[in-house]
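Peer 1: Got a structure here, written out as structure tokens. Questions coming.
The values are calculated or read from the model by the stated rules, or taken from the named source; none is laboratory data. The structure presented is a predicted model; accordingly, all values stated were derived computationally and were not measured. Ideal geometry is used to build each Cβ from the backbone, glycine not excepted, and the neighbour counts take in all protein chains shown. Note: areas computed on protein heavy atoms with side chains; ligands, DNA, RNA excluded. Shrake-Rupley method; radii C 1.70, N 1.55, O 1.52, S 1.80 Å.
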Amino acid sequence: MFLALTIGILIGSAVYLIQQRGLVRIVLGMMAFGHGANLTLLATGVYSYRGEAFPSVNDASEMADPLPQAFVLTAVVIAMATSTILLTLAAMGPNDDTDVVEPVDDNTVDHAFSTLGRDAQNRHIRQRSEDQLDHIKRIEGKKSAAHTEEGEK
């Protein structure tokens, strides 16, 4: 009864969290859903009698099935890797491309973590830095022209 109630609470909270908008809540919901599924798998392989850790009874019908335990162990490793990837994506920032009014003109990706929302948001920053580089090049060009004029005199 306690195991079934725990599974129900985990799956119910997972469904609630997955329907939320925030990426961290979705990740937590996926983790809760994975734990609920793991407990369900584990419950299928547990014999109703749970005695000693190493029973002295040699009857195989009273022992727990090891196959669901192996499935759960594999699922835990996969869930950890998936959670790591999803939390990394959530840590990249609150920009999830939902507030983009217009897409970037050429849809090019500048770097590995570039998204259309970040490109549109940072377009003015790139333009300012390009303007500053042009300004520096003009100043250096004037300096080199002044040096050549001094050398001619």
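Peer 1: Of the conditions (1) of a type in the set (A, V, I, L, M, F, W, C); (2) open to solvent by less than 50 Å² (accessible area, probe 1.4 Å); (3) under 30 Å from Met1 (Cβ atoms); (4) modelled with pLDDT under 90, Ala90 fails just one. Which one is it?
Peer 2: (3)
Peer 1: Additional query: State whether one or more residues within the range 11-25 are more than 21 Å from the chain's Cα centre (by Cα) and at pLDDT 65 or above.
Peer 2: Yes, the range 11-25 contains at least one residue that is more than 21 Å from the chain's Cα centre (by Cα) and at pLDDT 65 or above.
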